[in-house]
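Structure record follows, encoded as structure tokens.
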Amino acid sequence: MFRMALQILLGLFLVIIVGSIILETFPQLQPLWQEFVDVVIGLYESSKVKYGTIATVGIIIAIGVLAGTSRKSL
């Protein structure tokens, strides 16, 4: 359990660092990134309205666990 939580935190840290480097290297990707963020926020808000906050957070955690434990690559 602790190992999985640590792996999740380290994975998030790695994604943040790599994403920051990519956005600094290729500044033309900023509008595309902002569009992606807007879509994700819109999906979160609509899910929160339809299912509630606790269920939405549960869905996000479930998707993260499913993606993290999948043996097939995306």
**OP:** Answer with yes or no whether Gln7 is in a helix (DSSP H, G or I) and more than 16 Å from the chain's Cα centre (by Cα).
**Re:** no
Original post:
Considering the range 29-74 alone, what residues qualify as being exposed (fewer than 10 other Cβ atoms within 10 Å of the Cβ) and at pLDDT below 90?
Top reply: Leu66, Ala67, Thr69, Ser70, Arg71, Lys72, Ser73, Leu74
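The values are calculated or read from the model by the stated rules, or taken from the named source; none is laboratory data. For clarity, every value in this text was computed on a predicted model and none was experimentally measured. Here Cβ is always computed from backbone atoms with ideal geometry, including for glycine, and neighbour counts include all displayed protein chains.
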